[in-house]
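The values are calculated or read from the model by the stated rules, or taken from the named source; none is laboratory data. Keep in mind that this is a model prediction, so the values were computed, not measured. Positions of Cβ are backbone-derived with ideal geometry, glycine not excepted, and every protein chain shown enters the neighbour counts.
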Amino acid sequence: MKISGDDNMRTKWKRWPAAAVLAVLVPILAGAVAWAADLLTVTDRETVMRKEKKAWSPRVGTLKEKDKVTLVKREEPWLLVELQGVQGWINQSSVSDDPNVITSGTDAARGARATMASEAGRGFNPAVETEYRKGKPNLEAAFKYIDSLEKVSYPEDKVVSFLKAGKLIESLEGGAN
């Protein structure tokens, strides 16, 4: 003798594993999509993570070109980002949400294509600079001087003291890092 309620119960039990799998997978997949959407690539050779949304706020970390950071909060032009458990504020111009962004002359030299804006933002790549210098031998002394200036580094506290002494720091408070 067949009981119709019993068949209905068996059908429900057969569907249960599929429903359970969906119940588990849907939130995981939704979280993965949301996480991927908030992942940004650092496009500057180096950028400083700041404690506050101020150009000379204390440093909490340093990001390198091609680092992947998680966007926590957006208050344009500032972004609160996280890398390896450390959170800090950076200027939005230092990152891209494009996972295939061209980040340096090295990428361009390998044949990667970039938009005109990103090419301009990256400056000369080593191959272009070498070729340009060959055509301008009378400027070699100037090139060497510029190369030496690029290696000069001043401690941040000295720079901040200089800016404060010259009453220049107020104009930097909302600007880029």
(request) Can you run down the residue pairs with Cβ atoms below 8 Å, 6 or more apart or on separate chains, where the first is in segment 120-139 and under 17 Å from residue 102 (Cβ atoms) and the partner is among the hydroxyl-bearing types (Ser, Thr, Tyr) and modelled with pLDDT under 75? (result) 122/103; 122/104; 125/104; 125/106; 126/106
(request) For residues that are touching a strand residue (DSSP E or B) at 6+ places or on another chain (Cβ under 8 Å), surrounded by fewer than 16 Cβ atoms within 10 Å (Cβ to Cβ) and among the charged types (D, E, K, R), tally how many sit in segment 66-81. (result) 4
(request) Sort out which residues of segment 115-147 are farther than 21 Å from residue 47 by Cα and either among the polar types (S, T, N, Q) or at pLDDT below 65 (or both), and write them in order of number. (result) 115, 116, 130, 138
